[in-house]
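The next block holds one structure in the form of structure tokens; read it before the comments.
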Amino acid sequence: MERSPALGNLKAALGAGALAGMALAIFHFMATEPVLEEAIRLEEALPHLHMEVFPRSVQRLGLFGGSFIYGLSWGLIFAGVYTLLESQLPGRRPWQKGAVLALAALWAVALLPLLKFPPNPPGGTGSEDTVTTRQVRFALFALASALALFGIWRIVGFLKLIPFWARGMAFVTLYALACCLLVFLVPNANDPIPGQLKELVPRFRILAVGGTILFWLLLGGAFGPFHIAFAKPEATARRGASGPR
């Protein structure tokens with residue numbers, strides 16, 4: 001199979017990222033906004049209330065703009081990683097390779113960090129210092145998780161003299177150990193949750209995980225169709241330039 005040009009990968013990933021970002025915004029607007037409204041009503045009774053910097057209407061508009069930029073940003077990263085690893089990813093077609101990469105990213109840079117640092121609704125939980133600490137640790141944890149996944153995958157890939165099933169078992173075992181080490185060695189950033197929010201926070205966290213899963217499944221699932229859509233005009237242009245034979 002001919003290697004896809006980097007530009008085609010970029011276009012497909014940006015299109016898939018934009019689509020996934022908009023779907024994420026719609027999901028949170030429909031499902032998470034009611035939970036946030038309830039959280040705000042409860043937080044208004046708390047003694048350490050922080051006044052809103054922007055009105056809720058502006059925040060809702062920012063949800064869509066921010067999610068769109070979020071999708072494009074991850075699409076750009078996805079395109080770069082895919083282009084670098086395309087020849088080594090499992091699968092024969094771009095949609096298969098893209099799905100594998102998206103599933104790996106879903107676990108390594110999204111779900112595992114969320115399990116370690118579960119999100120809280122904005123306001124009412126933690127101070128600015130603890131929120132900043134949590135965000136920094138989340139980013140570092142996600143980076144360490146991704147590097148561990150890539151490093152173990154590359155190490156196991158060199159073991160070509162042992163059967164495929166044995167390499168698979170070695171990969172699962174080593175990466176599981178790496179995940180356990182990360183979870184237990186990286187310190188938590190636990191913020192105290194006010195009693196008024198204890199029933200609401202689990203709902204918010206479940207919705208955050210659901211939105212994350214939706215985003216990465218859409219990004220990986222849409223990458224293949226976008227790749228085909230952008231490849232067809234390029235193939236047609238090449239045939240037209242070569243002329244009839």
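The values are calculated or read from the model by the stated rules, or taken from the named source; none is laboratory data. None of the values given here were measured: they were computed from a predicted structure. Quick reminder, even Gly has a Cβ in these numbers, built from the backbone with ideal geometry, and neighbours come from all protein chains shown.
Kindly indicate whether any position in the stretch 36-53 is at pLDDT 60 or above, under 30 Å from Glu86 (Cβ atoms) and among the charged types (D, E, K, R). Explain how you work it out, then say what you get.
Taking the stretch 36-53 as the starting set, the residues that turn out to be at pLDDT 60 or above are 36-45.
After this cut, where a residue has to be under 30 Å from Glu86 (Cβ atoms) as well, the list is none.
No, because not a single residue in the stretch 36-53 is at pLDDT 60 or above, under 30 Å from Glu86 (Cβ atoms) and among the charged types (D, E, K, R).
Going by what's in this entry, would Ala139 be described as touching a helix residue (DSSP H, G or I) at 6+ places or on another chain (Cβ under 7 Å), at pLDDT 90 or above, of a type outside the set (D, E, K, R) and closer than 28 Å to Leu217 by Cα?
Working: touching a helix residue (DSSP H, G or I) at 6+ places or on another chain (Cβ under 7 Å): no; at pLDDT 90 or above: yes; of a type outside the set (D, E, K, R): yes; closer than 28 Å to Leu217 by Cα: yes.
Here the answer is no, as Ala139 does not meet what is asked.
Could you please let me know if Lys160 is of a type outside the set (A, V, I, L, M), out of contact with any strand residue (DSSP E or B) (no Cβ under 9 Å at 6 or more places or on another chain) and buried (at least 17 other Cβ atoms within 10 Å of the Cβ)? If you could, list the steps in order and put the result at the bottom.
Numbers: of a type outside the set (A, V, I, L, M): yes; out of contact with any strand residue (DSSP E or B) (no Cβ under 9 Å at 6 or more places or on another chain): yes; buried (at least 17 other Cβ atoms within 10 Å of the Cβ): no.
It is false that Lys160 is of a type outside the set (A, V, I, L, M), out of contact with any strand residue (DSSP E or B) (no Cβ under 9 Å at 6 or more places or on another chain) and buried (at least 17 other Cβ atoms within 10 Å of the Cβ).
Look at the stretch 77-112 and say how many of its residues are part of a helix (DSSP H, G or I), in contact (Cβ under 8 Å) with a residue 60 or more places away in the chain and crowded, with 18+ Cβ neighbours inside 10 Å.
Here the count works out to 14.
Which residue, of Ser73, Ser67, is modelled with pLDDT of 80 or more, of a type outside the set (A, V, I, L, M, F, W, C) and under 16 Å from Ala102 (Cα atoms)?
Working: Ser67 fails: under 16 Å from Ala102 (Cα atoms).
Only one candidate qualifies: Ser73.
In the stretch 185-213, which residues are modelled with pLDDT of 70 or more, surrounded by fewer than 14 Cβ atoms within 10 Å (Cβ to Cβ) and assigned to a loop (DSSP other than H, G, I, E, B)?
Pro187, Asn188, Lys198, Glu199
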